[in-house]
There are 2 protein chains.
Amino acid sequence: MSTSDATGATALGRALRPRTKLLPEHARGHNRSLVLQTLFREGARSRADLARDTGLTRVTVSDLVAELIADGYVVELGQREDPRPGKPATLLDIARDAHQIIGVDLSQHDSFRGAVLSLDGEVVHRREVPLDGATGDDALAKATALTRELVGLAAVPVLGIGVGSPGIVDPAGRVQSAPNLGWAGVDLQGALAAATDLPVVVANDANVAALAEHSFGGASSDVMLVKIGHGVGAGLVIGGIALHGSRWAAGEIGHVVVGTDGGPECVCGKRGCLETWLAAPRLDAALDAAADDAARSEVLAQAGRRLGIALAPVVGALDLAEIVLSAPAHLLDGPLPAATLETLRSRTMAEFHDHVALRGSGLGEDIVLRGSAALVLAGRLGVS
Amino acid sequence: MSTSDATGATALGRALRPRTKLLPEHARGHNRSLVLQTLFREGARSRADLARDTGLTRVTVSDLVAELIADGYVVELGQREDPRPGKPATLLDIARDAHQIIGVDLSQHDSFRGAVLSLDGEVVHRREVPLDGATGDDALAKATALTRELVGLAAVPVLGIGVGSPGIVDPAGRVQSAPNLGWAGVDLQGALAAATDLPVVVANDANVAALAEHSFGGASSDVMLVKIGHGVGAGLVIGGIALHGSRWAAGEIGHVVVGTDGGPECVCGKRGCLETWLAAPRLDAALDAAADDAARSEVLAQAGRRLGIALAPVVGALDLAEIVLSAPAHLLDGPLPAATLETLRSRTMAEFHDHVALRGSGLGEDIVLRGSAALVLAGRLGVS
DNA sequence: CTTTGTTCGTACGCTTTACTAACAAACATG
DNA sequence: CATGTTTGTTAGTAAAGCGTACGAACAAAG
């Protein structure tokens with residue numbers, strides 16, 4: 001039979017169920033993305049290079065490239081300088097200046113942030129509006145106004161608008177639940193699309209941050225991003241695919257109880273939630289209350305250990321390769337990450353998990369903004 | 001552009017990176033599996049029914065069905081009895097008697113088990129060989145002999161051989177590490193393929209069990225199976241896809257430390273590993289030592305609570321919908337599952353996770369055998 | 001300066017795939 | 001019996017990618 005090779009080399013990983021029909025045109029879209037992706041990640045190359053990289057023939061690559069050039073996503077750079085035998089190659093690259101992306105970060109406690117970004121995820125313009133305690137429709141109006149202003153700032157056509165929102169966001173971009181903003185069932189994607197007449201993608205802030213690490217932070221294909229801010233959330237990329245969970249609540253680990261020895265009381269009513277140990281306001285308060293450097297150091301180490309306790313079962317269950325922490329810099333500079341890693345190792349099987357890497361994010365405060373750009377790139381171009 | 005709809009309805013879930021080229025013939029394989037899958041899960045139907053179910057046209061379905069009939073995977077059952085207007089439909093079904101599957105379960109502590117199964121995953125013949133402490137090449141020889149015997153028992157052509165092995169199994173079917181069997185880097189799949197000249201698929205026992213629940217146990221597309229036996233392992237199916245982890249060690253939660261209050265010493269050197277609370281031998285010993293029913297009940301409740309503690313972060317991070325326990329019946333009859341669920345709920349956010357279902361597996365001792373069949377069905381026919 | 005070999009990009013024809021349109025067969029219903 | 005409905009098949013068509021072949025452009029060697 002033709003579905004599988006005769007040796008049965010298919011393993012668990014391919015145990016996926018086809019749910020929808022797959023047409024040749026879908027295959028073309030896939031290959032188109034493949035070409036674009038190669039160009040995006042590997043940089044300028046020739047058609048022949050792309051053919052070698054993708055496994056497609058030169059003919060097919062030429063055809064796809066012609067389409068991409070016609071659509072304005074790819075440009076010819078001219079001949080390659082490098083003197084080699086044979087006809088000189090014509091270098092191609094993504095038309096990095098032909099489009100820009102709008103990124104919006106609604107995850108800050110007291111303000112909405114947004115930016116115009118290049119296709120490479122570099123911030124070109126930046127805007128921030130204070131939230132002033134706005135919730136519900138007021139907050140939605142502020143987000144809409146910010147987005148419109150950013151669209152006006154773009155110098156070239158906007159490829160799309162990416163938004164990282166707190167709370168539970170369903171695949172249609174509706175914010176099902178974001179208590180801090182007083183949102184429940186708010187069709188944020190629809191509202192922004194109507195206001196701007198542009199493609200909009202909305203996703204949870206931590207998930208978006210994970211995508212940023214995957215696209216721009218050099219993270220592997222199995223990474224968990226833990227985002228410490230006013231609350232604690234996480235985003236997961238498994239096998240290069242962002243996880244969304246059965247109810248689109250994947251990564252909501254802030255109110256998981258850590259340890260079996262009680263802990264501080266949480267707003268949710270439980271004791272010892274991860275947020276009570278790790279949320280930035282709580283940590284800052286504890287740091288302020290600490291008597292000296294040693295005490296401050298212990299506060300951070302304790303937080304790190306708690307995070308390690310919470311992550312150990314996840315690392316074990318998922319066999320994660322990489323964990324990235326995103327938090328205000330002063331929280332990551334101290335002993336927190338080391339304590340997390342140490343705890344993680346002491347609580348999992350060294351044989352399997354001593355290769356786990358844990359590091360702070362290099363993307364800083366722009367992680368959600370850049371992740372929003374990655375979201376648009378993924379949704380519109382299939383690039384990630 | 002054509003890669004995505006103009007409204008940007010693509011969300012996080014589609015943020016996947018194309019890595020390999022996709023040819024029209026791959027699309028055909030996909031659609032072929034789609035037809036086969038519909039037939040497999042929904043039962044006998046006509047070509048026109050299949051066209052409606054899959055979204056393909058009647059013409060295309062006819063073409064695919066003709067190919068499947070020629071290959072012996074589908075048969076015509078005759079005309080539908082149900083009197084309806086129009087030309088009577090010709091019912092089709094999977095050729096359920098045309099092939100059988102060999103399933104092998106190497107996860108028992110003291111024996112290797114195997115079976116000849118129907119395509120529906122029903123056990124037709126069963127064989128078991130005592131392990132007698134065999135390890136290394138001896139164990140491999142026993143597994144090979146068992147498999148060969150089973151192939152001889154099959155009355156019809158064998159679709160393939162599925163194997164659930166303890167330890168770390170890579171995608172090529174090599175057992176990278178199975179301490180109990182003394183295996184390290186053993187090419188089990190290659191050895192069995194060479195011995196039988198049939199397609200072989202090998203995977204971790206708990207992962208195979210998870211697949212069994214997904215295919216035959218009615219589990220949803222986001223399920224975690226926890227397998228309690230001589231050790232404790234887990235298998236995860238996320239979004240209908242089996243998870244394998246960055247080093248093919250997904251689900252290895254047996255040696256994750258549970259709680260922050262110490263615990264029994266483990267063979268791995270740590271204290272309080274999940275296995276020390278939950279492994280069947282440990283639990284049986286504790287039950288034997290218990291003074292009365294109340295004490296025995298508390299032993300099981302304690303084990304359940306520990307499992308809940310370990311699972312809470314995983315449920316939170318993955319937003320799991322369903323957890324299935326596979327264990328000797330006498331361990332699941334008592335208060336263990338209820339204690340796990342209760343602990344899980346008290347340690348996660350009710351708002352998100354009160355819908356989590358936890359239940360014992362209905363597949364009993366054959367779970368790995370039937371999962372092996374599912375593995376073959378998935379690998380060979382794209383059915384799962 | 002010429003020859004040789006290499007590489008690049010493209011033109012042409014072919015195969016595969018799934019679609020639309022049309023139709024005959026077979027049945028229920030009025 | 002006429003009519004409408006459903007089924008499955010037979011054309012013919014459009015899209016996608018491949019293999020082959022070819023001209024163009026260059027480096028290296030004689």
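The values are calculated or read from the model by the stated rules, or taken from the named source; none is laboratory data. Just so you know, these numbers come straight off a predicted model, no measurement behind them. Reconstructed Cβ throughout: ideal geometry from the backbone, glycine too, with neighbour counts over all protein chains shown.
Looking at the structure I just gave you, is B:Ala115 out of contact with any Phe, Trp or Tyr (no Cβ under 8 Å at 6 or more places or on another chain) and closer than 22 Å to B:Ile228 by Cβ? For B:Ala115, the condition - out of contact with any Phe, Trp or Tyr (no Cβ under 8 Å at 6 or more places or on another chain) and closer than 22 Å to B:Ile228 by Cβ - is met.
Reported count of residues in the range A:56-65, each being among the polar types (S, T, N, Q), near DNA strand D (Cβ under 8 Å from one of its atoms) and surrounded by fewer than 16 Cβ atoms within 10 Å (Cβ to Cβ), is 1.
Flag: A:Arg126 matches the condition of being out of contact with any helix residue (DSSP H, G or I) (no Cβ under 6 Å at 6 or more places or on another chain), surrounded by fewer than 22 Cβ atoms within 10 Å (Cβ to Cβ) and assigned to a strand (DSSP E or B).
Rundown of residues vs (1) touching a residue at least 40 places away in the same chain (Cβ under 8 Å); (2) within 16 Å of DNA strand C (Cβ to nearest atom); (3) crowded, with 19+ Cβ neighbours inside 10 Å, yes/no style:
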{"site": "B:Leu50", "(1), (2), (3)": "yes, yes, yes"}
{"site": "B:Asp82", "(1), (2), (3)": "no, yes, no"}
{"site": "B:Ala89", "(1), (2), (3)": "yes, yes, no"}
{"site": "B:Ala95", "(1), (2), (3)": "no, no, no"}
{"site": "B:Ala98", "(1), (2), (3)": "yes, no, no"}
{"site": "B:Leu106", "(1), (2), (3)": "yes, no, yes"}
{"site": "B:Asp110", "(1), (2), (3)": "no, no, no"}
{"site": "B:Gly136", "(1), (2), (3)": "yes, no, no"}
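Within the range B:355-384, being over 20 Å from B:Leu307 (Cβ atoms) and in a loop (DSSP other than H, G, I, E, B) holds for B:Gly382, B:Val383, B:Ser384. The residue of the range A:142-180 that is surrounded by the fewest Cβ atoms within 10 Å (Cβ to Cβ), among those that are under 20 Å from the mean Cα position of the chain (by Cα) and in a loop (DSSP other than H, G, I, E, B), is A:Ala172.
Scanning the range A:107-141 for residues that are farther than 26 Å from A:Gly218 by Cβ and within 21 Å of the chain's Cα centre (by Cα) yields a count of 5.
The set of residues in the range B:131-165 being more than 14 Å from every other protein chain (Cβ to nearest Cβ) and not aliphatic (A, V, I, L, M) consists of B:Asp132, B:Gly133, B:Thr135, B:Gly136, B:Asp137, B:Asp138, B:Lys142, B:Thr144, B:Arg148, B:Glu149, B:Gly152. Residues that are out of contact with any helix residue (DSSP H, G or I) (no Cβ under 7 Å at 6 or more places or on another chain) and away from chain B (no Cβ under 11 Å) within the range A:189-219 comprise A:Glu213, A:Gly217, A:Gly218, listed in sequence order.
Does B:Ala219 satisfy being modelled with pLDDT of 95 or more and either farther than 20 Å from A:Asp319 by Cβ or of a type in the set (Lys, Arg) (or both)? The answer is no for B:Ala219. Residue count for the range A:181-223, restricted to those that are among the polar types (S, T, N, Q) and assigned to a helix (DSSP H, G or I): 4. Just so you know, in the range A:37-56 the residues that are out of contact with any helix residue (DSSP H, G or I) (no Cβ under 7 Å at 6 or more places or on another chain) and more than 19 Å from A:Ala95 (Cβ to Cβ) include one that is farthest from the other protein chains (Cβ to nearest Cβ), and it is A:Arg52.
The rows are residues; the columns are (1) more than 12 Å from DNA strand D (Cβ to nearest atom); (2) modelled with pLDDT under 95.
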| site | (1), (2) |
| --- | --- |
| B:Thr54 | yes, yes |
| B:Glu67 | no, yes |
| B:Leu77 | no, yes |
| B:Gly86 | no, yes |
| B:Leu92 | no, no |
| B:Ile102 | yes, no |
| B:Asp105 | yes, no |
| B:Phe112 | yes, no |
| B:Leu119 | yes, no |
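Only helices (runs of 4 or more DSSP H) whose full extent lies in the range B:266-354 are considered here, and the ones with at least 1 residues that are within 24 Å of B:Gln108 (Cα to Cα) and either in contact with a Pro (Cβ under 9 Å, 6 or more places away or on another chain) or touching a residue at least 12 places away in the same chain (Cβ under 8 Å) (or both) are B:274-278, B:280-289, B:293-318, B:329-332, B:336-347.
One line per residue, one yes/no per condition, for (1) more than 14 Å from chain A (Cβ to nearest Cβ); (2) in contact with a helix residue (DSSP H, G or I) (Cβ under 7 Å, 6 or more places away or on another chain); (3) farther than 30 Å from B:Ala98 by Cβ:
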residue	(1), (2), (3)
B:Ala285	yes, no, yes
B:Asp293	yes, no, yes
B:Glu298	yes, no, yes
B:Ala321	no, no, yes
B:Ala350	no, no, yes
B:Asp354	no, yes, yes
B:Leu363	yes, yes, no
B:Arg380	no, no, no
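Restricting B:Val169, B:Val129, B:Val201, B:Val223 to those that are more than 25 Å from B:Gly254 (Cα to Cα) and among the β-branched types (Val, Ile, Thr) reduces the list to B:Val129.
Considering A:Ser215, A:Ser220, the condition of being within 15 Å of A:Ser372 (Cα to Cα) and among the hydroxyl-bearing types (Ser, Thr, Tyr) is satisfied by A:Ser215 alone.
Look at (1) within 24 Å of B:Trp248 (Cα to Cα); (2) modelled with pLDDT of 95 or more and you find that B:Val151 fails only one, number (1). Every condition in (1) away from DNA strand C (no atom under 14 Å from the Cβ); (2) within 12 Å of A:Ala95 (Cβ to Cβ); (3) exposed (fewer than 14 other Cβ atoms within 10 Å of the Cβ); (4) not basic (Lys, Arg) is met by A:Asp71 except one, and the failing one is (3).
Within the range A:223-240, being within 7 Å of chain B (Cβ to nearest Cβ) and either of a type in the set (Gly, Ala, Ser) or more than 11 Å from A:Ala210 (Cβ to Cβ) (or both) holds for A:Ala234, A:Gly240.
Considering A:Arg45, A:Arg127, the condition of being farther than 30 Å from A:Ala145 by Cβ, of a type outside the set (Asp, Glu), more than 16 Å from DNA strand D (Cβ to nearest atom) and at pLDDT 90 or above is satisfied by A:Arg45 alone. Across the range B:299-337, the number of residues qualifying as farther than 21 Å from B:Ile367 by Cβ and either surrounded by fewer than 21 Cβ atoms within 10 Å (Cβ to Cβ) or among the aromatic types (Phe, Trp, Tyr) (or both) comes to 3. Of the numbered criteria (1) more than 23 Å from B:Leu119 (Cβ to Cβ); (2) buried (at least 24 other Cβ atoms within 10 Å of the Cβ); (3) in contact with a Leu (Cβ under 7 Å, 6 or more places away or on another chain); (4) not basic (Lys, Arg), the one B:Ala191 fails is (2). Being surrounded by fewer than 19 Cβ atoms within 10 Å (Cβ to Cβ) and in contact (Cβ under 8 Å) with a residue 40 or more places away in the chain is a description that does not apply to B:Ala212.
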